[in-house]
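A short worksheet on the structure shown next.
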Amino acid sequence: MSIPRLAPGDRLVLATHNAGKLKEFQELFAPFGLDLVSAGQLGLPEPEETGTTFAENARLKAHAAAQATGMLALSDDSGLCVDALNGDPGVYTADWAGVPRNFDHAMKRVEDALQAANATEPGQRTASFNATMCLAHPDGRDVLYVGKVEGVMVWPPRGTIGHGYDPVFMPKGYDITFGQMPADMKHSWAPGKRGLSHRARAFDQFFEAQIEK
């Protein structure tokens, strides 16, 4: 289903309460002159993420924000999938950090699980970051955009940039982690350029389909 393209000055709700994710969205959207407001800034409640896939949870968040505000809403459900852990933590990536969120604990939990699986060599520690974006219209229409970046898990954590599991994920073809990369390198996205991060790659598809050129 098609949803109208966005032009400078249009308002878009970013369906997130996550400060790190909001910052990345703002960096990606910076050149396009949209009026961005987050679900957190609007005081919207966080919907319960009951889906078992990234797509289901992305839809839950986007539609909740679109229906609550009567505006277009963009969500992102993303996570770390570690091959030796059968894809965990996956859709439960944030849950592994507990409440309140403690990603130092979450990173150690992943590492402990890898050690328990005897995944000690780089070839045994492959993983991917995955992002599914959902653009939802108040009338119930939506469109999905999916991005993925492959890499390897490292230990101990390296770098303090970024958020979440960034310090223990080294993307394929690089010798530094997302936690060591400045934002422009991590995203490395521009019109006509695919980008590096999972979110940048999903955003590239969104840009091509939804941003007025």
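Of all residues in segment 165-200, those being buried (at least 22 other Cβ atoms within 10 Å of the Cβ) and among the charged types (D, E, K, R) number 3.
Only residues that are more than 19 Å from residue 18 (Cα to Cα), touching a strand residue (DSSP E or B) at 6+ places or on another chain (Cβ under 8 Å) and touching a residue at least 24 places away in the same chain (Cβ under 8 Å): list them for segment 68-112, please. Hits for segment 68-112 are 71, 81, 82, 83, 84, 88, 110, 111.
Filter segment 109-160 down to the residues that are charged (D, E, K, R) and within 20 Å of residue 53 (Cβ to Cβ) and list them by number. Matches in segment 109-160: 141, 142, 148, 150.
Segment 1-87 holds strands (runs of 3 or more DSSP E) entirely within its bounds, and those carrying 3 or more residues that are touching a Ser or Thr at 6+ places or on another chain (Cβ under 8 Å) and over 11 Å from residue 135 (Cα atoms) map to 73-82.
The conditions of being at pLDDT below 95, under 17 Å from residue 143 (Cβ atoms) and acidic (Asp, Glu) are met by residue 10. Residue check: residue 158 meets all listed conditions (1) buried (at least 21 other Cβ atoms within 10 Å of the Cβ); (2) among the basic types (Lys, Arg); (3) at pLDDT 95 or above but one, namely (1). Is there a residue in segment 96-116 that is under 14 Å from the mean Cα position of the chain (by Cα) and either at negative phi or surrounded by 18 or more Cβ atoms within 10 Å (Cβ to Cβ) (or both)? So far as segment 96-116 goes, no, none of its residues is under 14 Å from the mean Cα position of the chain (by Cα) and either at negative phi or surrounded by 18 or more Cβ atoms within 10 Å (Cβ to Cβ) (or both).
The values are calculated or read from the model by the stated rules, or taken from the named source; none is laboratory data. As the structure is a computational prediction, the values presented were derived from the model and not from experiment. Note that we place each Cβ from the backbone using ideal geometry, even for glycine, and neighbour counts take in every protein chain shown.
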